[in-house]
Amino acid sequence: MADERPGIRELDQRIPFLLSQLGTYVSDDFKRRLAPLDVHPRINAVLVALAGTDGQSQRQLSARLGLHRNVMVSLIDTLEEQGLVRRKPHPDDRRAFAVTLTDKAGEQIGPIIRGARADKGMPPIEMSDADIVAVAEYIHSMLALSPRQGMPPPGEEPVVLNILVGDAAAGQQYFAAKCSTCHSTTGDLQGIATRVPDPKTLQNLWVSGGAAGGRGRGAGGGAAGGANPRAIIATVVTASGEKVEGPLLRLDDFYVAVAQPDGTVRSFTRRDGIPKVELKDPLEGHRKLLAELTDKNMHDVTAYLVTLK
């Protein structure tokens with residue numbers, strides 16, 4: 001069996017952690033599927049929102065999707081240049097524009113079905129005009145229904161959660177006991193609340209150890225990417241005594257792969273724990289902490305960190 005990092009067994013059994021990993025997998029797969037279409041996830045989010053409720057203003061779209069209005073203006077400009085939406089005078093507000101979809105009956109999807117993006121791996125499909133209209137209407141109907149699943153009923157104001165409900169003094173004590181051996185409020189965390197002013201982002205940042213998410217055991221650096229200070233470093237010791245070290249890409253009972261400085265990947269078949277794998281995880285402390293961290297601890301530390309301006 002492979003050597004286990006302290007606390008990782010408990011972490012892999014925690015439902016919140018598993019759900020966060022599932023979210024990472026879904027997000028990465030979603031981006032991969034959108035890539036051949038040359039569509040950014042934010043662009044897709046705007047199209048989905050309009051498919052559900054066409055004619056929203058840019059301000060309404062910004063609030064619904066949680067995007068800054070300047071970002072939304074840029075997204076709508078892009079969609080308008082691509083011919084996917086158009087701005088019209090808003091019927092209820094002369095100062096605003098209503099954003100509407102242009103593809104009502106397959107006007108935009110039709111050329112794609114017929115091969116307009118064959119150079120990007122989408123071969124043409126033989127389909128009649130009537131079938132294209134039916135496909136477009138079906139897609140619109142699905143998009144209109146899907147975004148509301150799990151959301152408040154239309155028209156209700158979005159709920160803004162206040163996570164600053166902890167005890168800052170208790171958070172300071174917890175930090176001194178659990179975090180101060182690796183972090184310092186006069187060193188790496190000095191002014192952290194100024195650098196990360198959003199409390200929710202700050203909480204996610206410190207709980208994860210500053211990691212932006214990963215693929216569990218293989219969340220190290222990429223073979224062709226730059227050095228990642230948070231990558232798990234693996235040392236593979238073969239039966240002959242050869243040692244191969246590098247960012248861990250994958251590890252299970254049957255296989256281990258590590259990235260090399262020249263961009264290549266060294267992989268080894270494992271059997272009965274051979275070759276031996278030694279791991280050095282810079283986030284080991286955070287992973288161990290997750291096994292014992294309570295909601296109160298989390299809220300208390302966050303309440304303390306937001307005072308570090």
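Points to keep in mind about this one:
- Elements of type helices (runs of 4 or more DSSP H) in region 15-92, at least 3 residues being of a type in the set (Lys, Arg): 15-34
- Cross-chain or 6+ apart pairs with Cβ under 6 Å, region 283-305 first and over 24 Å from Thr186 (Cβ atoms), then surrounded by fewer than 16 Cβ atoms within 10 Å (Cβ to Cβ) and among the basic types (Lys, Arg): none
- Residues that are modelled with pLDDT of 90 or more, over 25 Å from the mean Cα position of the chain (by Cα) and hydroxyl-bearing (Ser, Thr, Tyr) do occur in region 216-236, at least one of them.
- Checking each residue in region 190-204 for being under 20 Å from Lys288 (Cα atoms) and touching a residue at least 12 places away in the same chain (Cβ under 8 Å) picks out Leu202, Gln203.
- Flag if Asp262 is without any contact (Cβ under 8 Å) to a residue 60 or more places away in the chain, at negative phi and not in a strand (DSSP E or B): yes
The values are calculated or read from the model by the stated rules, or taken from the named source; none is laboratory data. Only a predicted model underlies this, so the values are computations on that prediction, with no experimental measurement involved. Note: ideal-geometry Cβ built from the backbone for every residue, glycine included; neighbour counts use all protein chains shown.
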